[in-house]
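Data first, discussion second: the structure below is written as structure tokens.
A short reminder: the numbers here are calculations on the coordinates, not readings from a lab. Remember, it's a predicted structure, so these values are computed and weren't measured experimentally. A quick note on method: Cβ atoms are made from the backbone with ideal geometry, for glycine too, and the neighbour counts reach across all protein chains shown.
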Amino acid sequence: DAKTTQPNSMESNEEEPVHLPCNHSTISGTDYIHWYRQLPSQGPEYVIHGLTSNVNNRMASLAIAEDRKSSTLILHRATLRDAAVYYCILTTIQGAQKLVFGQGTRLTINP
Amino acid sequence: DAGITQSPRHKVTETGTPVTLRCHQTENHRYMYWYRQDPGHGLRLIHYSYGVKDTDKGEVSDGYSVSRSKTEDFLLTLESATSSQTSVYFCATQGTYEQYFGPGTRLTVT
């Protein structure tokens, strides 16, 4: 499985934008880029996914580099509730998704 | 919210005893998964199911077995629990593009 690399931790202030980077230089043509987050004492929750084009949903935006070797999860106005560990994962959308979780990025939001 | 429940939510058991964790879903999803999470680490896949009676191993399957006799239920069994299996266990189902995770079961093996 292709690996991803994320910073161990990041810190931001409430109501400011947050850009969470992810490197995936060995991504294959069929890999989708998925982001999940895990709030304290909860199971992970899906945030967003994309293949080549930038994507937006109600939670976040995903910016994908043209060569697909990196991506950035964007939280437009962080709230205290966005404090979590964010995981960038490469996976398929066809068949079984055997997700491989790395260490993720622990995001701290300051009031 | 995919309507995933896990039982029990907490369990303390002794080394050598069998333990079964249950995952129940209400969304009729085909794929179901069991992961474990240890302190300071991401989740690791134990086993998964791609249909009733159809299961396969994940990354860390040694010491675990699974069964799926109904679409809605996926059971994880530790035949003889060891202290290294102390962990938080998450069940997940797969929707169209994404996985939905249950609340987790915290298992302590003493």
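Note on residue A:3: lysines with a C-alpha under 17 Å away, same-chain residues under 8 apart excluded, are A:69, A:98. When each of B:101, B:74, A:101 is scored by the number of other beta-carbon atoms lying within 10 Å, the sequence from fewest to most is A:101, B:101, B:74. In chain A, which longest range has no trypsin sites (Lys or Arg not before Pro) that are both DSSP loop (not H, G, I, E or B) and surrounded by at most 14 other Cβ atoms within 10 Å? Looking at chain A, A:4-57 is the longest stretch - no exposed trypsin sites (Lys or Arg not before Pro) with at most 14 other Cβ atoms within 10 Å. In segment A:1-74, the C-alpha radius of gyration followed by the widest Cα-Cα span (Dmax) gives 12.7, 37 angstrom. Pair-distance distribution P(r) for the protein assembly as shown, from all Cα-Cα distances in 5 Å bins starting at 0: 1, 7, 15, 18, 18, 16, 12, 8, 4, 1, 0 percent. Dimensions of segment A:22-111 along the principal axes, based on C-alpha atoms and rounded to the nearest Å, stand at 40, 25, 22, largest first.
Per residue, the convex hull around the alpha carbon atoms of segment B:10-61 comes to 128 Å³.
With the largest listed first and rounded to whole Å, the semi-axes of the equivalent ellipsoid of chain B from the Cα gyration tensor are 22, 14, 13. Counting other Cβ atoms within 10 Å of each Cβ, which GluC sites (Glu not before Pro) in segment A:1-52 have at most 14 and sit in a DSSP loop? Passing both the DSSP loop test and the Cβ count: A:14, A:15.
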